[in-house]
1. Of all the accessible heavy-atom surface of the chain, with the other protein chains kept in place and a 1.4 Å probe, what percent is carbon and sulfur?
2. Applying 1/(1 + (r/R0)^6) with R0 = 22 Å to the Cβ-Cβ distance of Asn180 and Val2, what FRET efficiency is obtained, to the nearest 0.05?
3. Over all directions, the average projected area of the alpha-carbon convex hull for the chain comes to how many nm²?
4. What are the lysines whose alpha-carbon lies under 28 Å from the alpha-carbon of Lys138, with same-chain residues fewer than 8 places away excluded?
5. Accessible area per residue for region 1-132 in Å², computed with a 1.4 Å probe and the full protein assembly in place, what is it?
6. For region 57-129, just the Cα set please: Rg and Dmax, both in angstrom.
7. Using a 1.4 Å probe and ignoring any ligands, DNA or RNA, find the accessible area of Val2 and quote it in Å² to the nearest 10.
8. Over the heavy atoms of Arg77, what accessible area does a 1.4 Å probe trace out, to the nearest 10 Å²?
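The values are calculated or read from the model by the stated rules, or taken from the named source; none is laboratory data. None of these values were measured; they are calculated from a predicted model. All Cβ positions, glycine included, derive from the backbone under ideal geometry; neighbour counts span all protein chains shown. Note: accessible area is taken over every heavy atom of the protein model, side chains too, but ligands, DNA and RNA are not part of it. Shrake-Rupley method; radii C 1.70, N 1.55, O 1.52, S 1.80 Å.
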Amino acid sequence: MVALQKAANTFDNSYFTTTQYDDLPGNRPHSGTVIGRFGSWKRSLKLIGIVGGRERRHSPADLIDNLEAAWKELGFRPGKRQIAAHGARISEGPYRRHWGSLLSAGERLAEFHDGRISREQLLAGNAASVPRVTIPLKDRWAVLKRDCYKCAKCGGSPSSDHTVELEVDHIHPVARGGGNSLENLQALCRKCNQGKKDR
Ligand SMILES: [Zn+2]
């Protein structure tokens, strides 16, 4: 699976298709093999931190243009449902990832119009308010390999059951001071991970 990791580096760690992957020069397992192991292409990429495919196309400038257009059209600040139904019909997801929430994106836009922040500051997003901690690609792979591509809790494996979706989990949660060291990371299936969060 080092091959997939290398391919990801070639594509700047942003989304790439099976065709793009299979067309790269050199020898590597076919995309079909990768899909066989992890259930689907999207899941394989998601495992190494790459979220596909359509949402990634929107730059912060695109997102702001879209928000502004929807706002003007509606005459009020768009909420979740409105943003998905107006303009380019972009979901709130990309806004949440870059500004923390759709609401904060709207607030920043209003601040920009009031002359309180520059366009650069507006487009920079609210990185600090986004609680996501990125686990480096090579560490994700190391954890999955160490845990034999199986859920550390129930033993579920995507290669034998395609409904199993593996995620890399922080054993001691980041919110409570857990770090990104390999000892604090484990492969969990989505079900077990969700069960852990609900507790
Ligand atoms: Zn599990």
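1. Numbers: 5840 of 11450 Å².
Roughly 51 percent of what the probe reaches on the chain is carbon or sulfur.
2. Working: r = 20 Å, r/R0 = 0.92.
The calculated FRET efficiency here is 0.60.
3. Details: hull surface 52.8 nm².
Over all viewing directions, the chain projects a mean Cα-hull area of 13.2 nm².
4. Filter leaves Lys6, Lys42, Lys46, Lys150, Lys153, Lys191, Lys196, Lys197.
5. 57 Å²
6. When restricted to Cα atoms, region 57-129 yields Rg and Dmax of 11.0, 31 Å.
7. Roughly 90 Å² of Val2 is accessible to a 1.4 Å probe.
8. My reading of the accessible area for Arg77 is about 90 Å².
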